[in-house]
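Engineer: Supplied in structure tokens, the structure appears directly below.
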Amino acid sequence: MTSNNKSIISYSFIGLFIASCSSVQVTEEAVYEDSIQSIEVSSKRAESSTPTESKAVLANATVYFEFDSFNLSSRSIQALKSITMLMQDNSEIEITISGHADERGTREYNLALGQRRAESVADYIELKGISRSRLTIKSYGEEMPMIQGSNERSWARNRRAEIN
Amino acid sequence: MKKFLILILLPNLLFAELLLEITKGSENPYRVAIIPFQGTNSSVNIIVEVLKSDLIRSGEFFILDEEMLLSIPSNIEEIKPSEWKLLNIDFIVLGNVIDEEPFSVVSPYQIYDVNKKNKIRSSTVFGIPGKLRQLSHYISDGIYETVTGIKGVSATKILYVNEIINSTDSDYILYVADADGANEQVLLKSSEPIISPAWSPDSKKIAYVSFETGMAKVFIQDIGTGERELVLLNDNQISSPAWSPDGKLLSLTLYQDGNAEIYILNLLNKNLTRLTKHYSIDTESSWSPNGTKILFTSGRSGAPQLYEIDLTKLNTKPSRLTFEGNYNAKGSYLPNNEGIVFPSISNCFEVL
């Protein structure tokens, strides 16, 4: 190591001497490398905390949205009406509303958009007299497409909120 | 006047190993001749090979084929500038590799400027035996910076997520690799999505969004030890982490207000400061190089656009930065206040 350092010093002198009119960069660098640990997590998706047997009646529906929009269509409202009626008649039903986006746009904006879609559904159901405490809201953004594919048909199916 | 640029990154998902290919570079690349390095053949071959591909991948360099060399000078004094002018060469790189495996590997190199008839850099890289690619990346960055005046990125690392989607189950794998895609290593493997990985400024930690608990949550993971923790414990989604330049703060998108809003989390005392308050989406925060401004995406105009908050004037309205196009998102600042970069979707929603 010491001999290397010496040779650098002599380089720098030569450098300055030859290039008296322009500057010479004389440097030393040591390659730096971090150690890396890899880990694995696996999770069973806990969709609902309610035991399945108590769910005599299942409230399931999927509603769809326009690009970059979280407004409910009249068709969506029809679907939500039946969900709301089911929940009014069966006070034990609790639902999870998962919002989704199509693959276009950025992942984080789509995560927020999916959440707004789930919120739109929740707002409607709450407006119809269902307690917010029976609703769990989350978003998967563009991460869980219903169908793969980069075309208008796939995108339309993927811009959705799933109720279950 | 701010410069706006569009960045496109295309990882090739067909290959297990990441392949980054730049298909078109500068119209007027710097023309460089790399004189075959002196030293043990096997090491020299790897080092020069990686060095060439680093420089070519940057898009800024043309490297003269070895067969085209008219002479092989063994030192700077033997260079005849007229000969290199014939070949239109701007810079000549000379070097050697002192390889004493398993103890040390050292590579001194020089850059000669044909037009100035001068040596413009003399440097020595002390490498790690068995990690010759890394050593080349350091040489490549030295050449890049000396010639272009901009810091090179070959010795940096990249984070990315690979999704393996099957009909029954899926795998999401967060990787770290060298900037050229080599030396790929798994940081986290999960059955649920992982998005938005972000380096801490000292590169020792990463923050990312993992859905492993059933909803989006931000984790911080120590790269060296594998230790990881949830940044905040609450019942709501948390996403879009970005480190402040000093590494002490993390900006985040919290959903506790029923809508995406940006907060700053003090990592030491876990204090939260709210930055945005608007009924539309506010997310994708990123810090200015000096840490005084935050750039973010907001839907407040009716479509995603970029806005900026001055952290020294917290009570003033965020200022809007983008006006053209109806989808401008996920912006980040360029170093030295040169502007911002962001993906943009044109009116027909075709390009991202």
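The values are calculated or read from the model by the stated rules, or taken from the named source; none is laboratory data. This is a predicted model, so every value here is computed, not measured. Because the Cβ atoms are built from the backbone with ideal geometry, glycine has one as well, and the counts that use them run over all protein chains shown. Ligands, DNA and RNA are stripped out before the accessible areas are found, and what is left, the full protein with its side chains, is counted by its heavy atoms. Shrake-Rupley method; radii C 1.70, N 1.55, O 1.52, S 1.80 Å.
Engineer: Name the residue from B:Phe126, B:Ala179, B:Gln256 whose Cα lies farthest towards the positive end of the charge dipole of chain B, charges +1 on Cβ of Lys and Arg and -1 on Cβ of Asp and Glu.
Structural biologist: Among B:Phe126, B:Ala179, B:Gln256, the one farthest towards the positive end of the dipole of chain B is B:Gln256.
Engineer: Additional query: Sort A:79-90, B:85-96, B:269-280 by packing, meaning the average of other beta carbons within 10 Å per residue, with the highest value first.
Structural biologist: Answer by packing, highest mean first, reads B:85-96, A:79-90, B:269-280.
Engineer: Assuming R0 = 41 Å, what is the FRET efficiency of B:Tyr160 and B:Thr40, from their Cβ-Cβ distance, to the nearest 0.05?
Structural biologist: Taking R0 as 41 Å, the efficiency between B:Tyr160 and B:Thr40 is 0.75.
Engineer: To the nearest 100 Å², how much accessible surface do chains B and A hide from each other in total, with a 1.4 Å probe?
Structural biologist: So the total buried area for this chain pair works out to about 5600 Å².
Engineer: Just the number please: accessible area per residue for segment B:28-148, 1.4 Å probe, all protein chains included, in Å².
Structural biologist: Spelled out: the 1.4 Å probe surface of segment B:28-148, per residue, equals 43 Å².
Engineer: Continuing with this model, one more query. Pull up all non-local amide H partners of A:Ile137: gap of 5 or more, or a different chain, and H-to-H distance under 5 Å with H placed in the peptide plane.
Structural biologist: When sequence neighbours closer than 5 places are left aside, the close amide H contacts are A:Ile97.
Engineer: What pairs from B:Lys151/B:Lys205; A:Lys138/B:Lys189; B:Lys24/B:Lys119; B:Lys293/B:Lys317; B:Lys85/B:Lys131; A:Lys138/B:Lys157 go past 24 Å between their alpha carbons?
Structural biologist: In this structure, B:Lys24/B:Lys119; B:Lys85/B:Lys131; A:Lys138/B:Lys157 lie more than 24 Å apart at Cα.
Engineer: Another one. For a test of the definition: using alpha carbon positions, the gyration tensor, and the 1.5 limit on a/c, classify segment A:53-163 as rounded, prolate or oblate.
Structural biologist: Verdict is prolate for segment A:53-163.
Engineer: Compute the angle between helix B:132-148 and the longest alpha-carbon principal axis of chain B, please, reported from 0 to 90 degrees and rounded to the nearest 10.
Structural biologist: Once rounded, one gets 90 degrees.
Engineer: Using each residue's phi in segment A:95-103, evaluate 6.51 cos²θ - 1.76 cosθ + 1.60 at θ = phi - 60° and report the 3J(HN,Hα) Karplus result to the nearest Hz, with x for Gly and Pro.
Structural biologist: 10, 10, 10, 10, x, 9, 10, 7, 6
Engineer: Tell me which of B:Val218, B:Ser170, B:Leu70 sits at the most positive position along the dipole axis of the protein assembly as shown, charges placed on C-beta atoms (Lys, Arg +1; Asp, Glu -1).
Structural biologist: After comparing all options, I get B:Val218.
Engineer: Next up: Just how far, in whole angstrom, is segment B:203-237 from segment A:92-160 if you go by their alpha carbon centroids?
Structural biologist: About 23 Å separates the Cα centre of segment A:92-160 from the one of segment B:203-237.
Engineer: Which loop GluC sites (Glu not before Pro) in segment B:182-256, with loop taken from DSSP, have no more than 12 other Cβ atoms within 10 angstrom of their Cβ?
Structural biologist: When the GluC sites (Glu not before Pro) of segment B:182-256 are filtered for loop state and at most 12 Cβ neighbours within 10 Å, B:Glu227 remain.
Engineer: To the nearest 20 Debye, how big is the dipole of segment A:53-163 about its Cα centre, given +1 on the beta carbon of each Lys and Arg and -1 on that of each Asp and Glu?
Structural biologist: My answer is approximately 180 debye.
Engineer: As a test, work out the antiparallel percent of DSSP beta bridges whose residues both lie in segment B:28-148, rounded to the nearest 5.
Structural biologist: 70 percent
Engineer: From the phi of every residue in segment B:43-60, what ³J(HN,Hα) in whole Hz does the Karplus formula 6.51 cos²θ - 1.76 cosθ + 1.60 yield, where θ is phi - 60° and glycine or proline is x?
Structural biologist: Taking θ as phi minus 60°, the curve returns 5, 4, 4, 4, 4, 5, 4, 5, 4, 4, 5, 4, 5, 5, 4, 5, x, 9 Hz for segment B:43-60.
Engineer: Enumerate the amide H contacts of A:Thr27 below 5 Å, restricted to partners 5 or more residues apart or on another chain; note that Pro and chain-start residues carry no placed amide H.
Structural biologist: Amide H neighbours of A:Thr27, under 5 Å, 5+ apart: B:Ser122, B:Ser123, B:Thr124.
Engineer: Using amide H atoms built 1.01 Å from N in the peptide plane, name the residues 5+ places from B:Lys119, or on other chains, whose amide H lies under 5 Å from its own.
Structural biologist: Distant-sequence amide H within range of B:Lys119: B:Asp113.
Engineer: Another question, if that's okay. Would you mind computing Rg(Cα) / (2.2 N^0.38 Å) for segment B:230-352, counting N as its residues?
Structural biologist: Compared with the compact-globule rule of thumb, segment B:230-352 sits at 1.04.
Engineer: In addition: Got a sec? Charge dipole of segment A:53-163, +1 on Cβ for Lys and Arg, -1 for Asp and Glu; which of A:Thr96, A:Trp155, A:Ala79 is way out at the positive end?
Structural biologist: A:Ala79
Engineer: Taking only protein heavy atoms into account and a 1.4 Å probe, give the accessible area per residue of segment B:157-341 in Å².
Structural biologist: 41 Å²
Engineer: Just the number, please: carbon plus sulfur as a percent of the accessible area of the protein assembly as shown, 1.4 Å probe, no ligands or DNA/RNA counted.
Structural biologist: For the protein assembly as shown, the apolar C and S fraction of the accessible surface comes to 53 percent.
Engineer: If you don't mind, there's one more thing I want to ask. Subtracting the Cα-Cα distance from 0.36 nm times the residue separation, let me have the gained length for B:Asn269 to B:Ser71 in nm, one decimal.
Structural biologist: Gain in length upon complete extension: 64.9 nm.
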